[in-house]
1. Keeping all protein chains in place and using 1.4 angstrom, which order do D51, D98 fall into by accessible surface area, from largest down?
2. For the pair T73/Q23, report the inter-label distance in nm, with labels modelled 7 Å from Cα in the Cβ direction.
Amino acid sequence: MADKQSVVPEESNESNIHLIRGQQVILSTHLAEAYGIRQQSLHQTIERNIDCFPESSVFRLSLEEIAGLEPQTEIPDTAAPYAFTGEGVALLSSILFDEREIYENPEARSPACNCRK
């Protein structure tokens with residue numbers, strides 16, 4: 001497991017942490033950038049694996065919450081971003097790592113999350 005990415009990519013920093021619904025969260029837009037993948041691809045991964053996330057670990061932002069973000073927070077017009085708690089980021093990191101392993105070596109499927117659809 002030495003090659004496994006850290007739970008929160010190094011590029012993430014405190015300016016990407018927001019207080020929403022009383023929880024400290026990081027947005028999928030920032031995570032996609034930190035992991036070097038398109039936000040649309042990240043959203044597809046989340047939606048394919050949504051059952052892996054406890055309800056309290058990830059949620060989609062409402063229009064009011066998007067409007068209430070700091071002006072310097074850039075939110076693409078494509079889709080409302082997801083917000084991840086620390087637990088949600090850890091789960092997402094595990095899922096992304098697992099999917100990358102499956103793509104590169106289909107025999108290496110890990111039982112990390114058995115709830116894939």
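The values are calculated or read from the model by the stated rules, or taken from the named source; none is laboratory data. Everything numeric here is computed off the predicted structure, so don't read it as measured data. Neighbour counts are summed over all protein chains in view; Cβ atoms, including those assigned to glycine, are modelled from backbone coordinates with ideal geometry. These accessible areas exclude ligands, DNA and RNA; they are computed on the full protein's heavy atoms, side chains included. Shrake-Rupley method; radii C 1.70, N 1.55, O 1.52, S 1.80 Å.
1. In descending accessible area the options line up as D51, D98.
2. Here the modelled spin labels are 1.4 nm apart.
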